[in-house]
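Below is one structure; the comments refer to it alone.
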Amino acid sequence: MCVPKNMICDLHKDCEHGEDENVCIGYPEGARCDFEAGMCGWKNNNKDEMDWTHYQGSGTNAQRGGPSGDHTLLNGTGWYMLSKLPQLGSLSEQAILESPVFDPPPCYHRDQSSELYESCRIRLFYHKEGRNQGSLRLEVIERDGSREGNTRLLKQLTGDQGGQWKILFKPVPATVTHPYQVRVINVRAMRSTGDMGLDDISLSPECFGLGVAADAAAACPVETTTEAVPAVIPPEDGVGWLMTTCGARGREGPGVDECKKAYHDFPQPHAAVTEDKSVSMVKGLQKWKVPADGYYALIAQGASGGTGVQSQDQRSKGSWARGVFYLKAKDALYIMVGQEGESACEDSEAQSTQGSSSCHERSDPPHDDNFDQMNEVEQVRKMSKSIYGGGGGGGGASIVYKVVDGKATPLVVAGGGGGLAWVNTTVKDTQNGRGINSSLQDTHGLATYNVSYSGAGPGGGWRGTSTSNGSEGQSLLKGGRGGDLCKGNSILVYRGFGGYGGGGGACLAGGGGGGYTGEQMSYTKTKGD
């Protein structure tokens with residue numbers, strides 16, 4: 001090659017036939033940008049005080065210090081980025097231009113014994129003229145899992161640098177092992193006459209394993225974004241996109257109009273309830289399109305279970321689940337937001353007179369004189385035939401999944417809490433939603449006794465088909481409908497539907513929580529799961 005390595009693919013043809021620029025194939029978006037066709041994925045940071053503008057020609061004058069044209073074409077027809085300071089402003093205000101996220105440099109870049117050590121370099125051309133110039137800062141932000149990232153200052157140039165376009169190149173720090181962004185910042189001085197130009201930004205081929213000898217590349221393959229690493233890009237407002245129940249309660253999820261109203265003032269892009277029957281047979285599943293390539297933290301919380309007649313002051317908890325994933329723009333995520341299991345005494349005024357009285361008085365479950373002489377199985381069978389309800393429904397699971405090659409693939413699943421039984425109890429860890437147990441199947445929970453169709457329902461799991469037990473929570477892949485109330489000619493009438501997200505319906509016992517593995521359901525005199 002007719003030029004030094006650090007001048008290859010720098011957007012300027014230095015060789016006679018342009019061979020130093022004709023080999024630049026395989027670059028990611030934003031890694032070589034002359035701004036002639038747009039901003040190449042570079043964008044203004046929304047937390048700064050000023051902006052960079054995509055500009056053509058001379059938009060300034062000698063007093064303000066900006067360029068008369070671009071660097072690529074060296075005339076007034078080319079495009080570049082211009083930081084034009086407003087008349088009103090304060091010392092140290094900033095205009096921040098950010099690159100897309102790039103993969104970390106290959107490991108030879110940080111190997112001090114390699115001839116390719118620190119071979120990944122940032123090159124850019126800047127125009128910085130005038131006595132009122134502030135500072136030009138070149139930074140790298142390593143997206144290492146912290147909200148703001150790890151900032152490294154590579155270079156700071158202060159004051160007048162002359163009236164010509166000049167080159168600045170610095171290596172990406174060898175300690176960068178996570179995806180990163182490049183930042184170029186114009187820091188304001190005392191006056192507004194400190195305009196700055198920026199053009200022809202490029203990263204060297206070695207940043208991406210391009211043009212590297214085969215043995216070097218084979219010994220140290222380029223890291224790719226196919227595996228999730230803890231590097232998260234916050235959204236534009238730095239807060240996040242929140243998906244909710246849209247105000248829905250009970251065993252089915254929200255409708256289209258409910259979520260449109262609920263998300264009206266939320267940051268774009270909004271989630272929307274999908275009516276695609278091939279994805280969900282029960283209403284309530286929400287669909288969200290990924291706005292841009294990058295790493296996203298997905299955080300889900302399962303819903304709590306409902307309470308029983310005597311356990312109204314207690315409440316089980318849903319679990320939390322978190323994962324970091326590299327997602328592509330326009331990827332579709334499907335989201336089921338779990339809903340609380342109904343409590344036995346919700347809306348007790350609308351229940352039967354006996355049911356309302358039991359809820360207000362928190363009375364004991366009725367039983368005959370021989371009840372205490374029965375074994376546990378006989379007690380449960382007796383109660384399932386005579387008392388239909390009084391426990392709380394199981395909480396629904398919250399889940400985020402993708403469809404890959406036509407198959408639903410879970411990303412995060414947060415289990416719901418179990419419903420509490422009629423009787424008063426202290427909530428135990430086993431009644432809260434829990435993390436994944438690899439020894440369990442991704443199917444429904446089971447009832448631990450045979451009470452025909454009138455017992456409380458276990459929670460729905462990731463997959464599986466419900467039995468004839470209508471109180472069983474539906475599997476998440478079958479739509480996640482919460483379980484029904486106890487069946488039969490009830491003596492007392494209570495609430496207790498399982499929550500949307502696979503929560504089991506209640507009987508005297510509480511329903512099981514939904515999850516990747518549905519919660520088991522059992523009953524004793526002192527415990528409801």
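The values are calculated or read from the model by the stated rules, or taken from the named source; none is laboratory data. Because the structure is a prediction, the values reported are computed rather than measured. Ideal geometry is used to build each Cβ from the backbone, glycine not excepted, and the neighbour counts take in all protein chains shown. In case anyone asks, the SASA skips ligands and DNA or RNA and just uses the protein heavy atoms, side chains included. Shrake-Rupley method; radii C 1.70, N 1.55, O 1.52, S 1.80 Å.
Determine whether LYS487 is at pLDDT below 80 and more than 17 Å from GLY308 (Cα to Cα). Before the answer, list the steps.
Details: at pLDDT below 80: yes; more than 17 Å from GLY308 (Cα to Cα): yes.
Answer is yes for this residue.
Does the range 10-18 include one or more residues that are aliphatic (A, V, I, L, M) and either on the phi > 0 side of the Ramachandran plot or buried (at least 17 other Cβ atoms within 10 Å of the Cβ) (or both)? The answer is yes; a qualifying residue exists.
Hey, does the range 262-284 have a residue that's part of a helix (DSSP H, G or I), at pLDDT 85 or above and more than 21 Å from GLY461 (Cα to Cα)? Break it down stepwise before answering.
Restricting attention to the range 262-284, the residues satisfying the condition of being part of a helix (DSSP H, G or I) are 262.
Remaining after also requiring at pLDDT 85 or above: 262.
Among the residues that remain, those that are also more than 21 Å from GLY461 (Cα to Cα) are: 262.
Yes; the residues of the range 262-284 include at least one that is part of a helix (DSSP H, G or I), at pLDDT 85 or above and more than 21 Å from GLY461 (Cα to Cα).
Checked against (1) open to solvent by 20 Å² or more (accessible area, probe 1.4 Å); (2) over 24 Å from THR177 (Cβ atoms); (3) at pLDDT below 80, PRO291 meets all criteria but (3).
Filter the range 385-414 down to the residues that are within 23 Å of GLY470 (Cα to Cα), of a type in the set (Gly, Ala, Ser) and not in a loop (DSSP other than H, G, I, E, B), then identify the one that is modelled with the highest pLDDT.
Quick first cut of the range 385-414, residues within 23 Å of GLY470 (Cα to Cα) only: 385-399.
Applying the additional criterion that residues be of a type in the set (Gly, Ala, Ser) yields 386, 389-398.
Then keep just the ones that are not in a loop (DSSP other than H, G, I, E, B); that gives 386, 398.
Numbers: SER386: 47, SER398: 92.
Only one residue fits best here, namely SER398.
Would the range 185-208 turn up any residue that is touching a helix residue (DSSP H, G or I) at 6+ places or on another chain (Cβ under 8 Å), open to solvent by less than 40 Å² (accessible area, probe 1.4 Å), in a loop (DSSP other than H, G, I, E, B) and touching a residue at least 24 places away in the same chain (Cβ under 8 Å)? Yes, the conditions are met somewhere in the range 185-208. Here GLU148 meets each of (1) assigned to a loop (DSSP other than H, G, I, E, B); (2) surrounded by fewer than 14 Cβ atoms within 10 Å (Cβ to Cβ); (3) touching a residue at least 12 places away in the same chain (Cβ under 8 Å); (4) out of contact with any helix residue (DSSP H, G or I) (no Cβ under 9 Å at 6 or more places or on another chain) with one exception, condition (3).
Looking only at residues of the range 409-428 that are under 17 Å from GLY390 (Cα atoms) and of a type in the set (Ser, Thr, Tyr), we find that the one that is least open to solvent (accessible area, probe 1.4 Å) is THR425.
Run down LEU91, LEU73, LEU85 and say which single residue is at pLDDT 90 or above and among the aliphatic types (A, V, I, L, M). Reasoning before the result, please.
Values: LEU91 fails: at pLDDT 90 or above; LEU85 fails: at pLDDT 90 or above.
That would be LEU73, the only listed residue that is at pLDDT 90 or above and among the aliphatic types (A, V, I, L, M).
The strands (runs of 3 or more DSSP E) located wholly in the range 29-128 that include 1 or more residues which are in contact (Cβ under 8 Å) with a residue 40 or more places away in the chain, within 17 Å of GLU139 (Cβ to Cβ) and out of contact with any His (no Cβ under 7 Å at 6 or more places or on another chain) occupy 79-83, 94-98, 121-127. Taking the conditions (1) within 32 Å of the chain's Cα centre (by Cα); (2) β-branched (Val, Ile, Thr); (3) open to solvent by 80 Å² or more (accessible area, probe 1.4 Å) in turn, THR53 satisfies each one other than (3). Annotation note: of ASN61, ASN6, ASN46, the sole residue that is farther than 21 Å from ARG188 by Cα and modelled with pLDDT under 90 is ASN6.
Evaluation of TYR326 against the conditions (1) in contact (Cβ under 8 Å) with a residue 40 or more places away in the chain; (2) under 21 Å from LEU485 (Cα atoms) shows that the sole unmet condition is (2).
Return the total of residues in the range 294-324 being within 30 Å of SER99 (Cβ to Cβ) and open to solvent by less than 50 Å² (accessible area, probe 1.4 Å). Reasoning before the result, please.
Keep residues of the range 294-324 that are within 30 Å of SER99 (Cβ to Cβ), which gives 294-299, 322-324.
Adding the requirement that they be open to solvent by less than 50 Å² (accessible area, probe 1.4 Å) leaves 294-298, 323-324.
Qualifying residue count, the range 294-324: 7.
Residues in the range 285-306 that are touching a Lys or Arg at 6+ places or on another chain (Cβ under 6 Å) and assigned to a loop (DSSP other than H, G, I, E, B): ASP293, SER304. Of the numbered criteria (1) over 27 Å from SER146 (Cβ atoms); (2) open to solvent by 10 Å² or more (accessible area, probe 1.4 Å), the one GLN339 fails is (2).
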